[in-house]
Every structure is written in structure tokens, then in C-alpha cells.
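Notes to accompany the following structure.
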Amino acid sequence: MNQPNAFPNTFIWEQDIPGGCHWSGIVRRGTTLRLVDVAGGANAAVLFFNQEEKLERYNMADTLKCQHTFRLTKGHACHSDMGRVFCCITADTVGWHDTVCGLSDAELIRRKYGVARYREHRNQMFRSGLDGMLIELGKWGLGMRDVVSNINFFSKVTANASGELTFHPGNSKAGDHVDLAFAMDTLMVLSAAPHPLDPAPAYRPGAVSLAAYASRSAHSAHSVGSAPFAECASIPENARGLENTQRLYGCHGGEA
Amino acid sequence: MSAQNSPKRNSAESVTESLVESKLDPDTAVVDEICAAGEPWVKLLMQGQTFRIVDLEGNQAVDTLFYNATDSMERYSATDTIRCQKKLYLTTGSKLYSNLGNVMLTITADTCGRHDTLGGACAAESNTVRYGLEKFPMHSCRDNFLHALAHDPICERRGMSKRDLPSNINFFMNVPVSEDGGLDFVDGVSAPGKYVEMKAEMDVVVLISNCPQLNNPCNAYNPTPIRLLVWDEPNGMTFD
């Protein structure tokens, strides 16, 4: 994997998210966010919303069909339902991130792992992906209606010819990371509970850490086809999505 | 929905094994309507009723969503449907799950063999990304959905909006995924007269956009009408 110190940009902040826990925050365009699988086997369920208009949100279908892909990896963009790009995947030591299997919910966690409540287990209590997502969404006035098909960073699920799915344990190792270069001011919501198809018999979701950096050039973030978006923009659909994104910020983007 | 690039002929082997015909007679249907090419269609289905969509001229994508009739916050969920059955494609026997993990409908007959729930709906904005920035004014499935949400009394009464539009089903669309993670839009599964039939396991609102996509070689750039039928649950009495 790439050494974190090889990252060429300016460090801004970092945040540790223990396995099972959840986080949300604003990630501004011009920021590159590194998601790290701290101990291996983590799952980071993520949704993106336009910070200015939260009706605009990550769209699994548009992301997949615009890039003719079932998996997400370096060179792919995460598309909104309004023809724009939230972020481009600019580095990836994992190679495969799922975006079709959704979230674990309380019933699934109970059936698979049993019950571990706060009163006995304190912060080691069992949390579900959906419940973590709803708590974070609630902080921004969002809720169940805003839960759409999400990305499950670090998790790999393949389909055979008849469409039957296989979850691949061990897809992501300790220290693996994925970098997201943001082209939009984004509300990001993250839940680090187990992937819904993870067959592990014990509830041991992996921790995720976030590190935010200023992208290589603040100005280049406004410019389609230049770093850090150049690789993504080599897919014509992504170039058009980035062009639409640039229009959103045209009046104060300098280079727009 | 919509495909792009040159459509490929797909080996139909893997999709023909699940073909199941229905015994229901269209003459006994309580609803028998035609939805013209490129238009929306909304209907309330009661638990126990059977709903059939007929692809009258072949290879027409029918973008479809379902909502719990008593609480539209509960709605069809592509991810729940995929993960609960560990399967990407829909056909006879597939259950259509809600975002609360409940079965909304079960597919009971299917003469097509495979339906998509990954490809979503086409929209003015995604058309600009997929086909060209100048495509923005063209009619789209999301425009159909939004028109129905604004005008149809069934949707209007429930206060539904764009917020209530998640990933949908594309009946009659074939979007195969390869083992190495590729995704394609291919031709060759549906044909004139093919249909899919499903039984409502709860009272649901059906919201359809009969896809108006004109940039899509899969339908020969020619969106076509569909026929929609509903049967009441048989009361169990037989007279023969």
C-alpha cells in the first residue's frame, strides 16, 4: 500500500470512528478525505448529500450506469442524483467497494449476533448500520426518507452469472485506505457497523479513521480534468458530471 | 432507466429457467389499462390482488416503485431486496422488500425471466451526464415520477415528493453484472407480449414511469405502450 506520508497535501483534521459507531460532517470541495481501515475487515457505510440542498444525494444507479461498473475503485466518481459528482476516488489500496447491499438493520444484528445493550455493555453495545445512519441524518434534519442505496467502503460482494451474491471476507486489510477528492461541498454520513452480508459469527466491526487534507491545489478543484480529478474525468460521463458540478460554483469559483 | 452504447445479444440460457406463465384470464381482471409510451401511471393495489405488466411491443423498460399505502415512508428498497435474497435479478419467486425489511409483493409469474433493480431511472440531469449536456430538455422517467407526485391524487394526498424517490425496479430491462465487477445493458430478454405478474402482500401504491428514453438503443430508440392488469384475490370458491 501507499505510505500515508507519501500523501502530497496539507493535513487538516482526523477523526477515529470505532467499529459499530457513526459520524457525519461537512467535507468541502477541495478537500481530500482518506478513509483508513484501521485493523482490517472494516465496513464504512456512507451516504453523500449536497450541503446546500440536501434533496440532492448520492445515487447508486447513476454511479454504476455512468461508469458501467458494479464495483467502485480508483478512477471512479460518486455521482449525485442531479448529474453532479460529489467526489472522485483518487487512491485505493483495496480495489473493490460495494454499493448495492445496503445497511445492516437492528433485526439483522439481533438475529445474527444477539443483543448487547448499553446498560450491560456500555459503548461496546451492538449497533446497526441503519440505526447509526438515522442518528447522524437526524442531526441534519434528515431521516428514513433520505436513506437511499449507500456505499459500503472496504466490502466486496460479487455476483455470478445468475446474479447470486458472494461476500468476500478479508477484502480489506489493516491499514488499507481509499482517498476521496471532493468536488462538492458535501454532507457525508458514515456508519461503521458490519456489512449486512458479512458472515462473521461474532460482532466485531472494524474501526475506521478519517483524515482530511487540502487537495493538491485549491484552484484545481474547480477545474474539470485537472488534478485531482484527471483520472476520473477520463471517463466522459464523469467529465460531464464534473462540468455540471463546476457550474454549481461558477459565480465564485475563480477559474470556473 | 435506459441503456447505452451498442446493445449486445445476450445468451438467454441463464434467464429462461425461471419462466412461469400465469393462469389468470384478462377477461376477469378488475383493472385493464394501457399506459402510453413515455407516460406515468399510478394505482392503489390491495393486499391479495395480483398485478400484471405486459410489455406489448418488446424491450420496453418499465420503471416501477412501490409504497406502503398507509405510510409512504415505507417504500420499495432495491438494497433490501438484493441483500435479503442475496440475488441481483428479479424473476418468479422474487420478493420485493421495503426499506423496513417487509415483503411488499411477490413475483408469481414471469415470461421474461429477468428484471433489473440496479439501473435506476433516467432523469434530465443524469441524461446530461450519460449522453451529453444538451440532452437536458428531453423527457425522462424522473420527470414522469415528479409529474405523478404533483398531480395524481393518490400521491398528492400522501404528501410525497422527490425525497420519496429511491432506486426503482426496471421491469423487462436486462443489466447483467460480471464476476469481475463490470455492468452492462443488453438486449434480448423481453419480447412483444412478455409479462411479469406479482401478488401484493400489503396494500401498496404503484408508481410507474413507462420509460421515455430516446437515447437508448435497447428499445430501438422507440418507447412503446404497456398494458396493466389487476385481479382481485380469488375467494376460494370453485364452480367446476
Q) Just checking, which of B:Arg163, B:Arg142, B:Arg114 is at the interface with chain A (Cβ under 9 Å from one of its Cβ atoms), basic (Lys, Arg) and without any contact (Cβ under 8 Å) to a residue 24 or more places away in the chain? A) B:Arg163
Q. What helices (runs of 4 or more DSSP H), lying completely within segment B:36-152, carry at least 3 residues that are out of contact with any Asp or Glu (no Cβ under 9 Å at 6 or more places or on another chain) and buried (at least 24 other Cβ atoms within 10 Å of the Cβ)?
A. B:78-85
Q.
Could you go through segment B:171-182 and let me know if any residue there is touching a His at 6+ places or on another chain (Cβ under 6 Å), within 19 Å of B:Val31 (Cβ to Cβ) and surrounded by 20 or more Cβ atoms within 10 Å (Cβ to Cβ).
A. yes
Q) On the given criteria, is A:Ser215 modelled with pLDDT under 90, buried (at least 16 other Cβ atoms within 10 Å of the Cβ) and within 26 Å of A:Ala42 (Cα to Cα)? A) yes
Q | Sole exception among (1) surrounded by 22 or more Cβ atoms within 10 Å (Cβ to Cβ); (2) within 11 Å of chain B (Cβ to nearest Cβ); (3) of a type in the set (Asp, Glu) for A:Asp179, by number | A | (2)
Q) Can you name the residue in segment A:143-165 that is more than 7 Å from every other protein chain (Cβ to nearest Cβ) and more than 17 Å from A:Val94 (Cα to Cα) and, of all such residues, is surrounded by the fewest Cβ atoms within 10 Å (Cβ to Cβ)? A) A:Gly143
Q) Of A:Leu33, A:Leu64, which residue is under 19 Å from A:Leu187 (Cβ atoms) and either within 14 Å of chain B (Cβ to nearest Cβ) or of a type outside the set (Phe, Trp, Tyr) (or both)? A) A:Leu33
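The values are calculated or read from the model by the stated rules, or taken from the named source; none is laboratory data. Remember, it's a predicted structure, so these values are computed and weren't measured experimentally. Please note: Cβ atoms are built from the backbone with ideal geometry, for glycine as well, and neighbour counts cover all protein chains shown.
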